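Below is one structure; the comments refer to it alone.
Read-outs throughout are calculated quantities, based only on the coordinates presented, and are distinct from any laboratory measurement. Keep in mind it's a predicted model, so treat the numbers as computed, not measured. Every residue, glycine as well, gets a Cβ built from its backbone with ideal geometry; the counts of neighbours run over all protein chains shown.
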Amino acid sequence: MGIAPIADAHSAKWWEAAADGRLLLQRCNACGARQFYPRAHCTSCLAPDPAWVEASGTGTLHTFTVVRKTPNAAFADDCPYVFAIVELDEGPRVTTRIVDADPAVLRCDQPVRVVFPEIDGEPVLPCFTPEEA
Ligand SMILES: [Zn+2]
């Protein structure tokens, strides 16, 4: 699936959790706001060092598109794939992919849950799939 992620000082713990099949969010120690993607401060009140909390892994499909062609050779073998933004039940929105689903039946606001497809035997990138009806 495309290009291997590059972790930095703020995202390393998030990527480690993803490799363990866990989806993390940050929660501010001062105001309680939750956020994604990982940052060194709270985006609501600017307090430093938000805590890590495990996300429920459930949410709704906020928006999506089917990528049928890409100029980036690293993603060419993945086409077609569903690029999406999922709104987690906790509030933050996550840029992701929808997997194991026929794109023709996807609709905005439908319930989805996190899955961790393996690449070379390792879960790498949290993706989402429609909840069973
Ligand atoms: Zn805050």
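Quick notes on this one:
- For GLU54 and GLU131, the difference between the fully extended length at 0.36 nm per residue and the C-alpha to C-alpha distance is 25.8 nm.
- In terms of surrounding Cβ atoms within a 10 Å radius of their Cβ, THR65, THR129, THR96 rank from fewest to most as THR65, THR129, THR96.
- For region 12-133: relative contact order, % (alpha-carbon pairs under 8 angstrom, 6 or more apart): 23 percent
- Student exercise, the chain dipole from Lys, Arg, Asp, Glu Cβ charges, in Debye to nearest 20: 480 debye
- Along the axis of the charge dipole computed for the chain (Cβ charges of +1 for Lys and Arg, -1 for Asp and Glu, origin at the Cα centre), the listed residues PRO80, SER11, CYS28 are led at the positive end by CYS28.
- Annotation: the residues ILE6, ILE85, sorted from fewest to most other C-beta atoms within 10 Å of their own C-beta, follow the order ILE6, ILE85.
- Karplus (6.51, -1.76, 1.60) ³J(HN,Hα), θ = phi - 60°, over region 64-71, in Hz, Gly and Pro reported as x: 6, 8, 9, 8, 9, 9, 9, x
- Distance (nanometres) between label positions extended 7 Å along Cα→Cβ at VAL67 and ARG27: 3.2 nm
- Cβ crowding within 10 Å, taken as a proxy for footprinting-reagent exposure, orders GLU118, GLU90 from fewest neighbours to most as GLU118, GLU90.
- Available extension along the chain between PHE83 and ARG107 is 7.3 nm, counting 0.36 nm per residue and deducting the alpha carbon span.
- Kirkwood Rh, angstrom, the chain [1 / mean 1/r, Cα pairs]: 15.6 Å
- Over region 92-133, relative contact order from alpha-carbon pairs under 8 Å, at least 6 apart, %: 44 percent
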